[in-house]
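Before any comments, here is the structure.
The values are calculated or read from the model by the stated rules, or taken from the named source; none is laboratory data. Here the structure is a predicted model, which means the values were calculated and not measured. Ideal geometry is used to build each Cβ from the backbone, glycine not excepted, and the neighbour counts take in all protein chains shown. For accessibility, only protein heavy atoms count, side chains too; no ligands or nucleic acids. Shrake-Rupley method; radii C 1.70, N 1.55, O 1.52, S 1.80 Å.
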Amino acid sequence: MQQLTANMRNALEELIVGVQDLARNAKGDSANTWIEVQTQLNAAISRMDEAFNQGHQTLNNMGSTHQEHDGQGAKVMAS
């Protein structure tokens, strides 16, 4: 999951580099549009990072809960 996140992030960052090139070569409203696209991509990367971090934390919590319940089940079986 972390590798997939990194791959998606890298792809978006490569896209941003392309957008920056377009913005540098554009004039007037066209340049402003490409700058806005870059801003939106940066925001998307931030939201993606946040979502994947929350997912990673949830998976860790699920693993901890599973181990805890396994331990409780073992105690019940032993008695």
Next item on the list: Report, to the nearest whole %, how much of the accessible area of the chain belongs to carbon and sulfur atoms, 1.4 Å probe, protein only.
Entry: 56 percent
Checklist line | Label-zone membership for the range 42-70, site L15, 7 angstrom Cα→C-beta point, backbone N under 14 Å | finding: 42-49
Item checked: Principal axis box of the chain, alpha-carbon based, largest edge first, Å -> 78, 17, 8
